[in-house]
Amino acid sequence: MRGVRTPARGVRAGMRGVRARILLPLALMTAIAVLSHRALPVDLPDQSDKLAHFAAFGAVAAAWVWALAPRGPLPWRAAGFAFTAAAGWGVLDEVHQSFVPGRHASLEDAAADVSGALTAVAASALWRTRRARRARRTRVPQA
C-alpha cells in the first residue's frame, strides 16, 4: 500500500537523519586533527591552553550527543559513546602531537580533553533529564 508507512521505511528515514547529524562531530574531530598537526605560531603562557582543550573536546562530546540522540532523555549508550569518542580522540591527539615538531604531548592536556568530554556529556544528560521531568509535570491530563 502506498500511503502506509512500514516500520522498515521509518527506520531508514530515521537513519538518514542520524547519518547527516554525524557529520558535525566528524568535522570537529577532523578540524582538531588538522590544527594539531601544525606547530603553534605563538608561545602561549603556561597552562593557558587547558581551557581550549576543555572547550574543544567538550564541543566534540556535545556534538556526538546531539548526533546520536537529538531529543529526549539521553540514552546511556549514546552518552557512553559520546564520551568515549571525544575523550579517546583527545588522548590520540596528544599522542599525535608528540610526533609533530614544535609541539609536545602532556598528561595535563589529555586530562583537560577528558574532563571537557565528561563535563559536556554529564551536563547534557542532566539538562535533558530535568527538561523531560518539567515537560511531564506541565502536561495537562486528558479528560
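The values are calculated or read from the model by the stated rules, or taken from the named source; none is laboratory data. Computed from a predicted structure; not experimentally measured. FYI the Cβ positions are ideal-geometry reconstructions off the backbone, even for glycines, and counts take in every protein chain you see.
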**Message:** With the requirement that a residue be hydrophobic (A, V, I, L, M, F, W, C), farther than 15 Å from A56 by Cβ and crowded, with 16+ Cβ neighbours inside 10 Å, what does the range 106-139 give you?
**Reply:** A125
**Asked** In this structure, is A13 at pLDDT below 90, surrounded by fewer than 16 Cβ atoms within 10 Å (Cβ to Cβ) and of a type in the set (A, V, I, L, M)?
**Response** yes
**Request:** Would you mind stating whether A79 is touching a helix residue (DSSP H, G or I) at 6+ places or on another chain (Cβ under 9 Å), under 19 Å from A55 (Cα atoms) and touching a residue at least 60 places away in the same chain (Cβ under 8 Å)?
**Result:** no
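Select from the range 52-82 the residues that are over 19 Å from R19 (Cα atoms) and either assigned to a helix (DSSP H, G or I) or at pLDDT 95 or above (or both) and list them in ascending order.
Matches in the range 52-82: A52, H53, F54, A55, A56, F57, G58, W76.
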